[in-house]
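Student: Can you read through this structure? Questions will come right after.
The values are calculated or read from the model by the stated rules, or taken from the named source; none is laboratory data. None of the values given here were measured: they were computed from a predicted structure. Glycine also receives a Cβ, built like all others from the backbone with ideal geometry; neighbour counts cover every protein chain displayed.
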Amino acid sequence: MTKDEIESFITQFPVYQYQFLKPEEIEYNDRVRAICKKECPRYGTSWSCPPAVGTVEECTERCRQYEDVLFFSSIAQVQDVMNLEESLKTKVEHEKMTHLIEQHLKEHKLETYTLSSDSCAACEKCAYPKGACRHPELMFPCIESHGIVVTNLVEKYAMDYYLGDRYIVWFSLIFFKAS
Ligand code: SF4
């Protein structure tokens, strides 16, 4: 499947902005992990977050096995972007779209590995650490869990991160290669 074909496929979705890049163009920074540990309440509570996703070195190695990356965003309207509960609810549509795009790539003989904004919210309470992930087919590790700073990528590719108090921007990265 060519990038042109992928581009043409994603036009049917409300993708806001997108960019093709190479896994080696992405910075995987161990310092992000320290911020996760210190500031994120999801640290150590989800299969989609550290430490469950492995070390940043392992994550980097995993990502670099792929040839290309589709980096894309979608936007959702909210009353107040600072209202976490309201904002998180809007992630569902972005996740659905990410799954459909990923699925399409897989159906066209591409191997994929997908990261998405924030931690997985597929279950009310994550099975981590006592049980195995209940829906590995639905679970996308969080982008930051791999030491990737979304704002750096957004700046590098002249995309938008902040569109005002009424909009939230969600991001996904689909790594892919011929299988
Ligand atoms: S699918 Fe459920 S068990 Fe798996 S990471 Fe998501 S919330 Fe946790």
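Student: In this structure, does Y167 turn out to be modelled with pLDDT under 95 and under 24 Å from Q12 (Cβ atoms)?
Tutor: yes
Student: I'd like the residue in the stretch 109-145 that is closer than 20 Å to R64 by Cα, among the hydrophobic types (A, V, I, L, M, F, W, C) and in contact with a helix residue (DSSP H, G or I) (Cβ under 8 Å, 6 or more places away or on another chain) and, out of all such residues, is nearest to the ligand (Cβ to nearest atom).
Tutor: The extreme case among them is F140.
Student: Considering (1) more than 19 Å from Y162 (Cα to Cα); (2) more than 16 Å from the chain's Cα centre (by Cα); (3) surrounded by fewer than 17 Cβ atoms within 10 Å (Cβ to Cβ), say which one I6 fails and leave the rest.
Tutor: The number of the failed condition is (3).
To keep it simple, each residue is scored yes or no on (1) outside any helix (DSSP H, G or I); (2) modelled with pLDDT under 95.
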site: E86; (1), (2): no, yes
site: E102; (1), (2): no, no
site: Y113; (1), (2): yes, no
site: S119; (1), (2): yes, yes
site: A132; (1), (2): yes, no
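Student: Under 9 Å by Cβ, and 6 or more places apart or on different chains, what pairs join a residue from the stretch 131-143 that is over 20 Å from V169 (Cα atoms) with one that is more than 6 Å from the ligand (Cβ to nearest atom) and part of a loop (DSSP other than H, G, I, E, B)?
Tutor: Here the result reads C133/A52, each pair linking the stretch 131-143 to a residue that is more than 6 Å from the ligand (Cβ to nearest atom) and part of a loop (DSSP other than H, G, I, E, B).
Student: Can you name the condition, by its number, that L88 falls short on among (1) touching a strand residue (DSSP E or B) at 6+ places or on another chain (Cβ under 7 Å); (2) surrounded by fewer than 19 Cβ atoms within 10 Å (Cβ to Cβ)?
Tutor: Against the list (1) touching a strand residue (DSSP E or B) at 6+ places or on another chain (Cβ under 7 Å); (2) surrounded by fewer than 19 Cβ atoms within 10 Å (Cβ to Cβ), L88 comes up short only on (1).
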